[in-house]
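Have a look at the structure below, then the notes.
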Amino acid sequence: MAVDDDVSTTLMAHDDPSRTSEVIAFLAGSPNRREILARLEAGPATREALLADVDASRVTLWRNLSELVDRDWVSAEEDGYSLTVAGRLVFEHFRSLQRTLDTVERLGDVVEWLPAEEMGVDVARLADARIAVPTPSDPQAPMRLVDRQMREASHVDILSHAMAPNILGALDADRDGDDLVVEGVITSDVADAIGADPRTHRQFRDAVARGALRWHRYDGEIPYVLAVLDGERVGIGLDDDAGRPQAVLETDDPVVLEWALETFDAYRRDAHPM
C-alpha cells in the first residue's frame, strides 16, 4: 500500500467514520500497542530490544507487533522494526486526542465557560493549568488565586469586562513599596462604573498619577478576563452567562502565552487611552 493511500484510509477515514472509531479503540484498548509505538518512535529496534523495553511477554509482544505490521504502521525488516510514516502520524494524532480528552476531563464543568473558539488553541494546552473554582467550603478560591497573581507580579497586562478590586488592592500606595505596573483594557461599561463611584475613581486616578496604572477604554465586548503576568504566565477568568465567576486558570504554556499576548495587543490597538 502506498504511503499516501495508507494515511488517507487509516488516519483520516473520511468515507467510513466507523473505521476511525475502530482505530481509536484498537490503540486505546492496548497499552502494549501504545508502548511499542512509543518505543519505535524513538528509533528502530530489534525484537530483543523491544522485549527488553516493552512490559509484555514474548507472545504478547509478537502478537501486537504482527497486528501493527498488518496495519502498515510498523515495518518489519531483517534487522528489526521501525515506524512507517502512517504509523507515526496515527500515533501522534492519537496522543493529541488522548491529551485533549484527559484535559477536558480534568477541567470538568470549567470547559463550558472556556472561550475555546476565541482562543484558537487546543484545549490540551491547558493540561497542566492551575485551576481555582468556587466551592461551598472555599467560595473565594478564584479570587485568592487572582490576589496571589497580583502580589507576585511586577507587570500585568489585563483585559477585563468587570470591576477589579483585586487590582486596586494590589496597586494601593501602601503596598510595601512594591513597584507593580498594570496596563489594562476595560470595557466602556466598566470605565463608566469607575467614573460614577468617587472612591474607586480616586483610587484609579491616584494609581495613574503614580505611574502604576495605564488604562484603555474599549468600545465593545470583552468576553473574559485575561491577564499576562510578567510576560511569562497567563491568567484567565471565566464567568457564566449571568456574569458569575466560575473559575480562574493559570498556565505558562508557550502557545497559550503567545495567544494571550497577541489578544491583548489587538484589544489595546482598538481601545482609547484613558
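Just how large is the dipole of the chain about the Cα centre, in debye to the nearest 20, putting +1 at every Lys and Arg Cβ and -1 at every Asp and Glu Cβ?
640
If we sort 33-46, 81-94, 193-206 on the protection proxy, mean other Cβ atoms within 10 Å, highest first, what's the order? Before the final figure, lay out each step's value.
Working: 33-46: 17.4, 81-94: 19.0, 193-206: 13.9.
Top to bottom by mean Cβ count within 10 Å: 81-94, 33-46, 193-206.
A short reminder: the numbers here are calculations on the coordinates, not readings from a lab. Quantities reported herein were computed from a predicted structural model and do not represent experimental measurements. Glycine gets a Cβ as well: all are built from the backbone with ideal geometry, and neighbour counts include every protein chain shown.
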